[in-house]
1. Count charges around MET228 for me, please; just the other residues with Cβ under 14 Å from its Cβ, Lys/Arg as +1, Asp/Glu as -1.
2. Per DSSP H run of n ≥ 4, the term is -39500 (n - 2.57); total these for the chain, divide by its residue number, and report the mean residue ellipticity at 222 nm rounded to 500 deg cm²/dmol.
3. Given a 10 angstrom Cα cut-off, can you work out which residue in PRO243, PRO269, PRO128 is the most mobile in a GNM of the chain?
4. In the chain, once you exclude exposed trypsin sites (Lys or Arg not before Pro) (DSSP loop, at most 15 other Cβ within 10 angstrom), what's the longest stretch remaining?
5. Between GLY97, GLY236, GLY186, which gets the highest mean-square fluctuation from a Gaussian network model of the chain, Cα cutoff 10 Å?
6. On a 0 to 90° scale, report how tilted helix 188-197 is relative to the longest principal axis of the chain, with both axes built from alpha carbons and the result rounded to the nearest 10.
7. Return one number: the angle in degrees, 0 to 90 and rounded to the nearest 10, between the long axis of the Cα atoms of helix 217-229 and the longest principal axis of the Cα atoms of the chain.
8. What FRET efficiency do you get for GLU299 and ARG22 if R0 is 25 Å and r is their Cβ-Cβ distance, rounded to the nearest 0.05?
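Nothing in this text is a laboratory measurement; each read-out follows from the coordinates by a stated rule. Everything quoted here is computed from the prediction, not taken from an experiment. Methodologically, a virtual Cβ is constructed for each residue, glycine included, from the backbone with ideal geometry; neighbour enumeration extends over all protein chains shown.
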Amino acid sequence: MNLRRILVTGGAGFLGSHLCERLVEQGHDVICVDNFFTSQKINVAHLLARPNFELIRHDVTHALWLEVDEIYNLACPAAPGHYQHNPIKTMKTSVMGAINVLGMAKRCGAKVLQASTSEVYGDPDVHPQPESYRGNVNPIGPRACYDEGKRAAETLFFDYHRRNRVRIRVARIFNTFGPRMHPFDGRVVSNFIRQALANEPITIFGDGSQSRSFCYVDDLIDGLIRLMNAPDAVTGPINLGNPVECTMLDLARTIIDLSGSSSTITNKPLPSDDPRQRQPDITLARTALQWEPKVPMREGLARAIAWFKTIDLRNYRPPTPNY
Ligand code: NAD
Ligand code: UDP
């Protein structure tokens, strides 16, 4: 195999740590850059002794000077509670982070992959969502800092590609879950599992009829690496996610069942602009990458529950207040 120097921004986060792990196992020279806003070193502690892994504490809103062959740009808070914590910083991270990695890619001739999101579709009125759908985003709502930041980042990627011939890949990632999710990130899977394991009430926002489609982390990482390794003509944007859709009520019941919990279900107000439905159309990923998810949701949830049972919640803190 052709061994490469690979930068992963946001590499200590949930997805980033799995990606770094996979790339280190493949023998690549991996540089993980993170400011630990929504993560902690514990996620990559097992990689620190590996000679082909390097960890740099750095904020991607500031320029970084490295020579690499590939860049996976994952740095950005992803959970609604995290990205709304400091919305201006979230927008800066998406936009200035994109400018900084694109500038580096242009200088080094590196390939650069953007971790975009299904949130670019907003609260979709086309279902399931193909890449050609332009979305229904509220530009001034509480989710806009993330949605519009990611949309602006996609714009930058395509303008650097057209103007400077930078070799880009844009993945639109749909809800992904698994071990190393931050247990206090407020996302639905981490909340429900934490609550179920403590036999506390499961908090469903609204009536629980809203839907999402959940992808197990190993499948998603496989999709990201396939996209990076695809021919340059495959720029994306390309949806990566599991098309099996479920309601939040069904998710709560499945997690209660799998964890043998005595939790009850309680309803809380639905946050504003919460998308009603979400399901990826992955026709393009199937044809261009020969990729589709393999891990069924129940099996993935069982693995995530097993991991949550092993962790000490005292090792995890909420986002640092002054970011
Ligand atoms: P995460 O919060 O676990 O990871 C993000 C990482 O980026 C964290 O380690 C955080 O400390 C770091 N970070 C944040 N701001 C930074 C900055 N300014 N400089 C340097 N590092 C910074 O989230 P995740 O779920 O692993 O998401 C990773 C990427 O994938 C994000 O870009 C997210 O938007 C995208 N994504 C994730 C999902 C999902 O379901 N997990 C869905 C769609 C898109
Ligand atoms: N949600 C919920 N209870 C929770 C956390 C989230 O019912 O404790 C709902 C939330 O309102 C949304 C869905 O679960 O409809 C997914 O939320 P998450 O924050 O995981 O991701 P996103 O909304 O960004 O898809």
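1. +3
2. The per-residue figure over the chain is -11000 deg cm²/dmol.
3. Comparing PRO243, PRO269, PRO128 in the GNM, the peak value goes to PRO269.
4. Answer from the scan: 1-133.
5. GLY186
6. Rounded to the nearest ten degrees, it is 50.
7. 20
8. 0.85
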